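Engineer: Below is one structure. I have some questions about it.
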Amino acid sequence: MVFKKNYANVYDSLYQNKDYEKECDFIEEILKKQGKTVKTILDLGCGTGGHVLILAKRGYKVTGIDQSEDMLKAARNKARSAGLKIDFHKSSIQDLRLNQRFDVVISMFAVMGYQTDNEDLALACKTAKKHLRQGGNFIFDAWNGLAVMADSPTQVVKDLRNGNERIVRITRPNMDMISHSVDVNFNVLVLKRDKLISETEETHKMRFFYPQEIKYFLQVAGFSDIKFCPFLKPALPLSERDWNMSVIAK
Ligand SMILES: C[S@@+](CC[C@H](N)C(=O)[O-])C[C@H]1O[C@@H](n2cnc3c(N)ncnc32)[C@H](O)[C@@H]1O
């Protein structure tokens, strides 16, 4: 299990500069092209609610699911403080059965990359299709294998502040080319006035995908119109140099 309490507690601080508003603009840009008015959105792997909170504020009826109780707890607290009514459910994507269809399904920030074996990935695509109304889009992002192989991930240190706390995260990637995955080891230290107050370590197994591979999984799940672009750039074609790709499937 990953995204446990200590990691979930620092998640929002670690990604304080991630532009969730811009990502929601991108989602809305696709929704405008979808035709019929979009009202309902399902977020698979909603985490601490980065997208669902913004989309709820923008007037959509949103549902977020995640398998990490600690990430969901943060999302629920933020929704409560903001006075937003959002449906949250604890479930794996693979086991999800809401018996409801949504206008759009999203799964943002490499959630699909956590589905590292073929069976889990196939089931995740099936879940998305099962919860979409006819003609609805499944929007997600993933690591593009072509770029990852050419420019492999390296060790990175993030050092940031959250109030009077200092958070240091050391990321050590270990690539397994044959399984198309990277074991990303995160070591997170939280310090207050240079005194260590918590330390946590998690290794996240993340998969990268080749566009034709992901297209195949989506087609088997029943999607027929599948588009790729560089992350958040729908007007541009995907190239072998784009590390992060957005995928839009109908
Ligand atoms: C990198 S976080 C992204 C969270 C959020 N979408 C965001 O943009 O901040 C990945 C999230 O996906 C969830 N996740 C990964 N695999 C999952 C699965 N099979 N079922 C449910 N949740 C999953 C994790 O628990 C975690 O909260």
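Engineer: Taking the Cα centre as origin and putting +1 on Lys and Arg beta-carbons and -1 on Asp and Glu beta-carbons, what dipole magnitude results for region 38-145, to the nearest 20 debye? Spell out each step's value before the answer.
Structural biologist: Values: 16 positive and 11 negative charges, 146 e Å.
With Lys and Arg at +1 and Asp and Glu at -1, about 700 debye.
Engineer: Which value at 222 nm does the chain reach when only helices count, each DSSP H run of 4 or more adding -39,500 (n - 2.57), with the total divided by all residues and rounded to the nearest 500 deg cm²/dmol? Walk me through the numbers before you get to the answer.
Structural biologist: Numbers: 7 runs with 74 residues, N = 250.
Result for the chain, helices only: -9000 deg cm²/dmol.
Engineer: Then there is this: Provide the percentage of antiparallel DSSP beta bridges, counting only those with both residues in the chain; round to the nearest 5.
Structural biologist: 70
Engineer: Another question, if that's okay. Obtain the nm distance between the two label points defined at Leu98 and Tyr210 by a simple spin-label model: each point lies 7 Å from its Cα along the Cα-to-C-beta direction.
Structural biologist: About 3.4 nm separates the two model spin labels.
Engineer: If you don't mind, another one. Calculate the FRET efficiency for Asp194 and Asn174 from the Cβ-Cβ distance with a Förster distance of 30 Å, rounded to the nearest 0.05.
Structural biologist: Values: r = 30 Å, r/R0 = 1.01.
After rounding to 0.05, the efficiency reads 0.50.
Engineer: With a/c under 1.5 counting as rounded, go ahead and sort region 147-207 into rounded, prolate or oblate using the C-alpha gyration tensor (a ≥ b ≥ c being the square roots of the eigenvalues; past the cut-off, prolate if a/b is larger than b/c, else oblate). Please list the in-between numbers first.
Structural biologist: Working: a/c = 4.20, a/b = 2.55, b/c = 1.65.
Note, shape of region 147-207 comes out prolate.
Engineer: Which value, in debye to the nearest 20, gives the size of the charge dipole of the chain about its Cα centre, when Lys and Arg are +1 and Asp and Glu are -1 at the Cβ? Each step should come with its number before you reach the end.
Structural biologist: On the way: 38 positive and 31 negative charges, 215 e Å.
With Lys and Arg at +1 and Asp and Glu at -1, about 1040 debye.
Engineer: Based on the Cβ-Cβ distance from Asp225 to Lys126, what FRET efficiency comes out when R0 is 25 Å, to the nearest 0.05? Before the final figure, lay out each step's value.
Structural biologist: Details: r = 17 Å, r/R0 = 0.69.
After rounding to 0.05, the efficiency reads 0.90.
Engineer: Assuming a ≥ b ≥ c are the square roots of the Cα gyration tensor eigenvalues, decide whether region 61-104 counts as rounded (a/c under 1.5), prolate (otherwise, with a/b larger than b/c) or oblate. Mind dumping the intermediate values first?
Structural biologist: Numbers: a/c = 3.20, a/b = 1.30, b/c = 2.46.
Oblate, because a/c is 1.5 or more while a/b does not exceed b/c.
Engineer: Taking square-rooted eigenvalues a ≥ b ≥ c of the alpha carbon gyration tensor, is the chain rounded, prolate or oblate, where a/c under 1.5 means rounded and, failing that, a/b exceeding b/c means prolate? Before the final figure, lay out the partial values.
Structural biologist: Values: a/c = 1.73, a/b = 1.22, b/c = 1.41.
It is oblate, given that a/c is not under 1.5 and a/b is not larger than b/c.
Engineer: Something else: About its Cα centre, how strong a charge dipole does region 147-207 have in debye, to the nearest 20, once Lys and Arg get +1 and Asp and Glu get -1 at the Cβ? Mind showing how you got there, number by number?
Structural biologist: Details: 10 positive and 9 negative charges, 61 e Å.
Taking the Cα centre of region 147-207 as origin, the dipole is about 300 debye.
Engineer: Pick out which of Gly83, Gly163, Gly45 has the largest mean-square fluctuation in a Gaussian network model of the chain, springs linking Cα atoms closer than 10 Å.
Structural biologist: Gly163
Read-outs throughout are calculated quantities, based only on the coordinates presented, and are distinct from any laboratory measurement. In this text, all values refer to a predicted model and were calculated from it rather than measured experimentally. Here the Cβ is made from the backbone with ideal geometry for all residues, glycine too, and neighbour counts use every protein chain on show.
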